[in-house]
Amino acid sequence: MRFDRKVVLKRLLDLVLIAAMLYAALLAFGVVRRGGRLAEGREAPPLVGSALADGRRVSLDEFRGKAVLLDFFSTGCPSCRRILPDIEELQERGGDRLQVLLVSTDPSEQLSSYLAGEKSSLLAVVENGEAHRAYGVDTIPYLVVIDPSGRIRGDYIGDIRWSDIEPHLP
């Protein structure tokens with residue numbers, strides 16, 4: 001039996017495109033949420049950046065004793081903007097036991113303008129991309145739950161629920 005290379009390549013490309021569209025649809029409808037890129041229980045990679053509000057140095061280490069939710073965020077990401085009110089609600093619900101960090105590589109002026117327009121009170125951290133690389137961020141919004149001892153307890157793509165965070169609060 002003889003195969004026509006062009007036909008085989010076209011069919012293979014069709015399958016890849018169908019798989020990509022299916023995955024995108026599952027993400028959009030919240031069926032696929034877990035990122036699974038980071039090993040649960042492992043020490044969280046370092047994160048150092050500047051607080052958007054005052055420029056002070058912010059390090060993940062300063063939040064030991066609290067659960068931390070990292071939200072890798074960009075103003076150019078429609079999904080990031082869509083879930084921002086939900087992330088604000090999680091911070092309010094977690095109170096002093098939870099610290100949400102919006103982690104962005106956006107220019108400070110752009111990020112500041114956007115968050116002011118949204119009346120966001122979240123701690124936004126601007127960093128140079130090192131944390132994005134350390135956490136393997138290639139899709140946003142990408143969310144990481146870190147327990148009070150600094151260990152990763154879950155990573156999520158596109159959305160997160162209170163039930164994903166609550167078990168890790170002190």
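Somewhere in segment 105-112, is a residue of a type outside the set (Asp, Glu), in contact with a His (Cβ under 7 Å, 6 or more places away or on another chain) and part of a loop (DSSP other than H, G, I, E, B)? Yes, segment 105-112 contains at least one residue that is of a type outside the set (Asp, Glu), in contact with a His (Cβ under 7 Å, 6 or more places away or on another chain) and part of a loop (DSSP other than H, G, I, E, B).
Among the listed residues Leu101, Leu90, Leu70, identify the single one that is buried (at least 21 other Cβ atoms within 10 Å of the Cβ), in a helix (DSSP H, G or I) and modelled with pLDDT of 95 or more.
Working: Leu101 fails: in a helix (DSSP H, G or I); Leu70 fails: in a helix (DSSP H, G or I).
It is Leu90.
Residue count for segment 121-170 satisfying the condition of being hydroxyl-bearing (Ser, Thr, Tyr), in contact (Cβ under 8 Å) with a residue 12 or more places away in the chain and more than 19 Å from Cys77 (Cβ to Cβ): 2.
Looking at the structure I just gave you, is Val126 under 17 Å from Val58 (Cα atoms), buried (at least 17 other Cβ atoms within 10 Å of the Cβ) and in contact with a Gly (Cβ under 7 Å, 6 or more places away or on another chain)?
On the way: under 17 Å from Val58 (Cα atoms): yes; buried (at least 17 other Cβ atoms within 10 Å of the Cβ): yes; in contact with a Gly (Cβ under 7 Å, 6 or more places away or on another chain): yes.
Judged against the criteria, Val126 is a match.
When residues in segment 71-120 are screened for being in contact with a helix residue (DSSP H, G or I) (Cβ under 8 Å, 6 or more places away or on another chain) and touching a residue at least 60 places away in the same chain (Cβ under 8 Å), 8 of them pass.
Among the residues of segment 69-83, is any over 23 Å from Thr139 (Cβ atoms) and assigned by TED's automatic domain parsing to the domain that holds Val144? Quick ask: steps written out before the conclusion?
Taking segment 69-83 as the starting set, the residues that turn out to be over 23 Å from Thr139 (Cβ atoms) are none.
The answer is no, given that none of the residues of segment 69-83 is over 23 Å from Thr139 (Cβ atoms) and assigned by TED's automatic domain parsing to the domain that holds Val144.
Determine whether segment 15-30 contains at least one residue that is of a type in the set (A, V, I, L, M), at pLDDT 95 or above, within 20 Å of the chain's Cα centre (by Cα) and at negative phi. There is no residue in segment 15-30 that is of a type in the set (A, V, I, L, M), at pLDDT 95 or above, within 20 Å of the chain's Cα centre (by Cα) and at negative phi.
Can you tell me how many residues in segment 148-170 are part of a loop (DSSP other than H, G, I, E, B) and within 13 Å of Leu70 (Cβ to Cβ)?
Going through segment 148-170 one residue at a time, the tally reaches 2.
The values are calculated or read from the model by the stated rules, or taken from the named source; none is laboratory data. Just so you know, these numbers come straight off a predicted model, no measurement behind them. Cβ sites come from the backbone with ideal geometry, for glycine too, and all protein chains shown count toward neighbours.
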